[in-house]
Amino acid sequence: MALTHPWEVGPDEARAIQEELRPRVEAVDRLGAVGLVAGVDLAYPVPGLARAAVAVLDAETLELCASAAAEYGVAFPYVPGLLSFRELPPALAAFAMLERLPDLVLCDGHGLAHPRRFGLACHLGLALDLPTIGVAKTLLLGTHGHVPSKRGAWVPLVDHDEVIGAVVRTRAGVRPLYVSVGHRVSLPTAVAWTLRCAPRFRLPETTRAAHALATSATRAAP
DNA sequence: GCGACAG
DNA sequence: ATCTTGTCGC
C-alpha cells in the first residue's frame, strides 16, 4: 500500500512511512546483466502539473532505446527529505507505460544520503523492485573532503561517522556529483555505473535524456 | 534560537 | 523545480 501509493499522506505520515520502509533497502549488489539503463526526471511545465519522463538507454552504447512520459497533478509540496512523495507518483506512471523495464535506474536525487536513509532512489527502487542509484547535483546531508579534480576521482560522503554515499568527479574541473545507493546495488557499483553513464558531461546520459524528454512539449511518443 | 535544506 | 542575460570557454 505505502509502496505503490505514497501520495495522499501528510508530512508526518510520510516520515513514518520512510522509517517503515527503510529496512527493506538492500545496499548490496543484486542485479543481473545490465543491458538497459534508465534515467528519470521530472519537469513542472506550469504550477501544479508535473511531467515525468523515463529514458531507457543501451548500457553499452548509451543510445536511446525507449522512453515514456506521463503528466500528473502535483499532490505533495516540495519538502526537503520528502521528495519521493512528490515525484514518485508521476515517475511510476511513466514507468508503467514502458513495454519493458530497464535493468538499472539512475535517479535525480539521493538514495541513502538522506536524513532517514530513505531518499527518492530508495523509494523508487522498492516500488519497482529494481536496482536504483541516487545521483544528485547538490548536497542534502553529510560532509566530505576535497575531491581530486580528475575525472573518476571520488571521496566518501559521511554523516555521523557513517558513509552514506560518494562525491564523484564525472568531469575534470567541474562540480562533483553526489552518488548514493538506491536499492539492490553497492556503493562501489553505484559509483562505477555513474561514471560509465557519464563519459563526457557532468550528468549521466540517462539523466540528460530524461531531462530533455521531461522538458520537451511533446507527449508520449507514437 | 538560528541556519540548512535533493527537486 | 522555475524565473532570467549575458558571458566565459572548449
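Each value in this text was obtained by applying a stated rule to the coordinates, not by laboratory testing. Everything numeric here is computed off the predicted structure, so don't read it as measured data. Reconstructed Cβ throughout: ideal geometry from the backbone, glycine too, with neighbour counts over all protein chains shown.
Entry remark, region A:60-99: residues being touching a helix residue (DSSP H, G or I) at 6+ places or on another chain (Cβ under 8 Å) and over 23 Å from A:Q18 (Cβ atoms) number 7 in total.
Annotation: of all residues in region A:188-217 being among the small types (G, A, S) and part of a helix (DSSP H, G or I), the one that is nearest to A:D58 (Cα to Cα) is A:A209. Please enumerate the residues belonging to region A:69-127 that are in a strand (DSSP E or B), within 20 Å of A:V34 (Cβ to Cβ) and of a type in the set (D, E). Result: A:D108, single match. Within region A:129-144, identify whether any single residue is surrounded by fewer than 15 Cβ atoms within 10 Å (Cβ to Cβ), among the polar types (S, T, N, Q), within 19 Å of A:V168 (Cβ to Cβ) and more than 10 Å from DNA strand B (Cβ to nearest atom), and answer yes or no. The answer is yes; a qualifying residue exists. For region A:114-150, a residue qualifies if it is more than 23 Å from A:R22 (Cβ to Cβ) and in contact (Cβ under 8 Å) with a residue 24 or more places away in the chain, and the qualifying residues are A:K137, A:V147, A:S149. Just one of (1) surrounded by fewer than 23 Cβ atoms within 10 Å (Cβ to Cβ); (2) in a loop (DSSP other than H, G, I, E, B) fails for A:E19. It is (2). Only one entry in A:V74, A:V105 is of a type in the set (A, V, I, L, M) and either in contact with a Pro (Cβ under 6 Å, 6 or more places away or on another chain) or within 15 Å of DNA strand C (Cβ to nearest atom) (or both), namely A:V74. Here A:R184 fits the description: crowded, with 18+ Cβ neighbours inside 10 Å, of a type in the set (D, E, K, R), touching a Leu at 6+ places or on another chain (Cβ under 9 Å) and within 23 Å of A:D129 (Cβ to Cβ).
Conditions tested, residue by residue: (1) without any contact (Cβ under 8 Å) to a residue 24 or more places away in the chain; (2) closer than 14 Å to A:A121 by Cβ; (3) surrounded by fewer than 19 Cβ atoms within 10 Å (Cβ to Cβ); (4) more than 16 Å from DNA strand B (Cβ to nearest atom).
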site	(1), (2), (3), (4)
A:G35	no, no, yes, yes
A:A38	no, yes, no, no
A:V46	yes, no, yes, no
A:A52	no, no, no, no
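Count of region A:174-217 residues, restricted to those that are more than 15 Å from DNA strand B (Cβ to nearest atom), of a type in the set (S, T, N, Q) and under 25 Å from A:A68 (Cα atoms), is 1. Of the residues A:A94, A:A59, A:A121, which single one is within 22 Å of A:R171 (Cβ to Cβ), hydrophobic (A, V, I, L, M, F, W, C) and surrounded by 24 or more Cβ atoms within 10 Å (Cβ to Cβ)? Result of the check over A:A94, A:A59, A:A121: A:A121. Taking the conditions (1) in contact with a Gly (Cβ under 8 Å, 6 or more places away or on another chain); (2) surrounded by fewer than 17 Cβ atoms within 10 Å (Cβ to Cβ); (3) not hydrophobic (A, V, I, L, M, F, W, C) in turn, A:P80 satisfies each one other than (1).
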